[in-house]
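Notes for the one structure printed next.
The values are calculated or read from the model by the stated rules, or taken from the named source; none is laboratory data. None of these values were measured; they are calculated from a predicted model. Note: ideal-geometry Cβ built from the backbone for every residue, glycine included; neighbour counts use all protein chains shown.
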Amino acid sequence: MSECIFCKIIAGLIPAQKVFENEDMLIIKDINPQAKIHYLLLPKEHYANIIEMTEEQAVKLGKCLKTLSQIANDLGLQGGFRLVSNKGTDARQTVGHLHIHILGGQLLSDKMA
């Protein structure tokens, strides 16, 4: 997808702070964090959402979620974190490339309250 920002990041055309990478997945720091810790898990193959994935790719995604969760735990989020994926505009998905957020620590919006 030539116009997809996440595809451009995966291709190295746009810089990103990588946390983890393997053959199928990339984990980066979100450039607009909504919490103290905010990462994005991106499949390297373009899928608009999880429904479009093959079962084989969904298994790889699940394994990478385990890795991402361990990274978050190792960074001090033993008390908890959230995994979030929005599907479609009604769910406020703003980038049409499947991505899963991991958010931990205090939400930045909570600091402003």
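Can you name the residue in the stretch 12-28 that is surrounded by fewer than 17 Cβ atoms within 10 Å (Cβ to Cβ) and either in contact with a Phe, Trp or Tyr (Cβ under 6 Å, 6 or more places away or on another chain) or closer than 23 Å to residue 56 by Cα (or both) and, of all such residues, is modelled with the lowest pLDDT?
So in the stretch 12-28, the residues surrounded by fewer than 17 Cβ atoms within 10 Å (Cβ to Cβ) come out as 12-15, 17-18, 20-24.
Narrowing the set further to residues that are either in contact with a Phe, Trp or Tyr (Cβ under 6 Å, 6 or more places away or on another chain) or closer than 23 Å to residue 56 by Cα (or both) leaves 20-24.
Details: 20: 87, 21: 91, 22: 91, 23: 93, 24: 92.
Per the stated criteria, the residue is 20.
Scan the stretch 1-60 for residues that are assigned to a strand (DSSP E or B) and free of Cβ contacts under 8 Å to residues at least 24 places away in the same chain and jot them down. Outline the logic, then answer.
Residues of the stretch 1-60 assigned to a strand (DSSP E or B): 18-21, 25-29, 35-43.
Answer for the stretch 1-60, where residues must be assigned to a strand (DSSP E or B) and free of Cβ contacts under 8 Å to residues at least 24 places away in the same chain: 18, 21, 26, 28, 29.
When you scan the stretch 38-60, do you find a residue that is in contact with a helix residue (DSSP H, G or I) (Cβ under 7 Å, 6 or more places away or on another chain), basic (Lys, Arg) and surrounded by fewer than 18 Cβ atoms within 10 Å (Cβ to Cβ), even just one?
Yes, the stretch 38-60 contains a residue that is in contact with a helix residue (DSSP H, G or I) (Cβ under 7 Å, 6 or more places away or on another chain), basic (Lys, Arg) and surrounded by fewer than 18 Cβ atoms within 10 Å (Cβ to Cβ).
For the stretch 86-111, how many residues meet the condition of being at pLDDT 80 or above, surrounded by 14 or more Cβ atoms within 10 Å (Cβ to Cβ) and assigned to a helix (DSSP H, G or I)?
Result for the stretch 86-111: 0.
Pull out all pairs, ordered by first then second residue, where Cβ-Cβ is under 9 Å, the residues are six or more apart or on different chains, the first lies in the stretch 91-105 and is farther than 16 Å from residue 43 by Cα, and the second is acidic (Asp, Glu).
Hits for this filter: 103/30.
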